[in-house]
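We did not get these values from a lab; they are worked out from the coordinates using the rules stated. Quick caveat: nothing in here was measured; it's all calculated off a predicted structure. Using ideal geometry, Cβ is built from the backbone for each residue, glycine included, and neighbour counts are taken over all protein chains shown.
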Amino acid sequence: MDKRVYPAVFHAEEVGGYSVAFPDLPGCITEGDTLEEAVEMAEDALGIYLYTLKQDGQELPKASDPSGIKPESGEFINLVKWDEEAYLKRTDNRAVKKTLTIPSWLNHLAEERGVNFSQVLQDALKKQLVG
């Protein structure tokens, strides 16, 4: 799973709030009524943008060095982080049906004891993959 950091340009709007643009990601723009909201929206916009690129099989752009970005009056640069695993946990909890094969005797024993197969598989996969 990817972890990336991209510089974002935050622009204080005259009417209040902030607009946010990512110089390395054309069209990745968002806004917020407060600085806190603008940061949250920037994280969401970055997540949607990068996840969409990955789903389309495109390479993720290289992030610029923030020291090379010169903000204009009323602007500042802030780094925005994307953690793919955390993003997917937060946004993609759809249930996906899987078919599996186990020995008949194990199936009978598990059914007798009221085992929730889906929960056992989820727990085992989380232990195996996430730690």
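What the table below lists for this structure:
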read-out	value
Segments 80-90, 44-54 sorted - mean Cβ within 10 Å per residue, highest first	44-54, 80-90
Contact order relative to length of the range 1-119, as percent, for alpha carbon pairs under 8 angstrom and 6 or more apart	30
Chain lengthening between residue 101 and residue 89 when straightened (0.36 nm per residue, less Cα-Cα)	1.6 nm
Mean Cβ count within 10 Å, highest first, over the residues of peptides 9-17, 91-99	9-17, 91-99
Long-range HN-HN contacts of residue 31 with modeled amide H, under 5 Å	20
Sites residue 123 and residue 5, calculated FRET efficiency, Cβ-Cβ separation with R0 41 Å, nearest 0.05	0.80
Under-5 Å amide H pairs with residue 80, H placed in peptide plane, nonlocal only	6, 8
Pairs beyond 18 Å (Cα-Cα), from 3/89; 54/126; 54/98; 3/54	54/126; 54/98
Which of 129, 110, 88, positive extreme of dipole for the chain (C-beta unit charges)	110
From the coordinates shown, P(r) over Cα pairs in 5 Å bins from 0, in percent corresponds to which of [x] 2, 10, 18, 20, 17, 12, 7, 4, 4, 3, 2, 1, 0; [y] 2, 10, 17, 22, 22, 17, 9, 2, 0; [z] 2, 9, 15, 16, 13, 10, 8, 7, 6, 5, 4, 3, 2, 1, 0	[z]
Stretch gain in nm, segment residue 44-residue 13, where the contour uses 0.36 nm per residue and the Cα spacing is subtracted	9.2 nm
The chain, dipole about Cα centre (Lys/Arg Cβ +1, Asp/Glu Cβ -1), debye to the nearest 20	1000
Full-stretch length increase - residue 116, residue 33 - with 0.36 nm per residue and alpha-carbon distance subtracted	25.4 nm
